[in-house]
Amino acid sequence: MESFYSIVYYKTNALTDELFSIGLLAGGGQGPYLFISNSRLDLLKKTLHPNTFLSVNRHLKALKEKVDVHRNESAGILLFDPVFSVDQLDALSQRTKSAIVYSKPTTINEWLDQVFFEKLTQAFFGEHKKKSVAKRPVFHLKWKAFYYSNKFQEWSKDIAISSVIPDSVLNLTMDLFNHQERKIIKGIDFDLGKTSLNRKLYETDLIVSAFPNYDITIVHPSPKKNTGKTAFEETKKKYNKIDFIGFTQFKNLN
């Protein structure tokens, strides 16, 4: 499925078809994503009847939640079974009796991910999504510090697939990449939350598909949670050609 974006409008006047842009919806790639401008909503709030605005705001929040849930929980099938596709924009509009309108979709000739979507929202609305401050997992920090050390001077670090395969649109990065030795190394903490772990495994799927003739190694800390242990065993069975090695053992070998 091609990636696309569509401007989200509120029809302020049904007789004149006046439209007021309030957000951006994008599908395909690692999407779907939905951005709703808080500053635009504040302006809309001043022009609408309180009950009307409440209804519109409630609809947008419900849609945003649905988009986020689908993206986070269905990471492995987004390319093949999209819920938010071009064909469904009219259906979304009809749910609000055409009060909310979606522009004709525009194809994106880029791999749609969170970084690119934020660039789109900045270009259209001049706003950045407010990010909550969250602590990164300890393994992530230790792993990145280790593979950026002098031990891996001959390796490319955090290199995008598209920079290795010219025809690829995949901008997701690989932790360690060695073209000469045809090796790829990726770190995964199986104790991550469901959403984050699904994303890591989805990225692994794409890397395996893009580099079928490379030796791929997954470096990981020992899972402590039952969910992490289960995910680890299931992943090992799924990727029987990938080498799995504990972080401590990997450090001792290198």
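Structure summary
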{"quantity": "Number of positions in region 10-19 that are open to solvent by 60 Å² or more (accessible area, probe 1.4 Å) and touching a Phe, Trp or Tyr at 6+ places or on another chain (Cβ under 8 Å)", "calculated": "2"}
{"quantity": "Extreme residue, modelled with the lowest pLDDT, among residues of region 230-251 that are in a helix (DSSP H, G or I), open to solvent by less than 90 Å² (accessible area, probe 1.4 Å) and closer than 21 Å to LEU141 by Cα", "calculated": "LYS251"}
{"quantity": "Tally, over region 105-117, of residues that are touching a residue at least 60 places away in the same chain (Cβ under 8 Å), in a helix (DSSP H, G or I) and of a type outside the set (Phe, Trp, Tyr)", "calculated": "1"}
{"quantity": "Subset of region 170-188 [under 18 Å from the mean Cα position of the chain (by Cα) and part of a loop (DSSP other than H, G, I, E, B)]", "calculated": "LEU170, ASN171, LEU172, ILE188"}
{"quantity": "Filter result (among the β-branched types (Val, Ile, Thr) and free of Cβ contacts under 8 Å to residues at least 24 places away in the same chain) within region 136-163", "calculated": "VAL138, ILE159"}
{"quantity": "Meets criteria (modelled with pLDDT of 65 or more, open to solvent by 40 Å² or more (accessible area, probe 1.4 Å) and within 19 Å of ASN13 (Cα to Cα)) for LEU41", "calculated": "no"}
{"quantity": "When residues of region 201-229 are limited to those that are over 14 Å from LYS183 (Cβ atoms) and in contact with a strand residue (DSSP E or B) (Cβ under 8 Å, 6 or more places away or on another chain), the one modelled with the lowest pLDDT", "calculated": "GLU203"}
{"quantity": "Of the criteria (1) part of a strand (DSSP E or B); (2) under 29 Å from the mean Cα position of the chain (by Cα), which one THR12 fails", "calculated": "(2)"}
{"quantity": "Within region 226-254, considering residues that are farther than 17 Å from ILE185 by Cα and polar (S, T, N, Q), the one nearest to the chain's Cα centre (by Cα)", "calculated": "THR227"}
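For every residue, the table says whether it meets (1) within 19 Å of HIS220 (Cα to Cα); (2) surrounded by fewer than 16 Cβ atoms within 10 Å (Cβ to Cβ).
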| residue | (1), (2) |
| --- | --- |
| LYS144 | yes, yes |
| ASP158 | yes, yes |
| SER162 | no, no |
| ILE165 | no, yes |
| ASN171 | no, no |
| ASP175 | yes, no |
| GLY187 | yes, no |
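The values are calculated or read from the model by the stated rules, or taken from the named source; none is laboratory data. Computed from a prediction, not measured in an experiment: that's the story for all the values here. Using ideal geometry, Cβ is built from the backbone for each residue, glycine included, and neighbour counts are taken over all protein chains shown. Areas reflect the complete protein model, heavy atoms only, side chains present, ligands, DNA and RNA absent. Shrake-Rupley method; radii C 1.70, N 1.55, O 1.52, S 1.80 Å.
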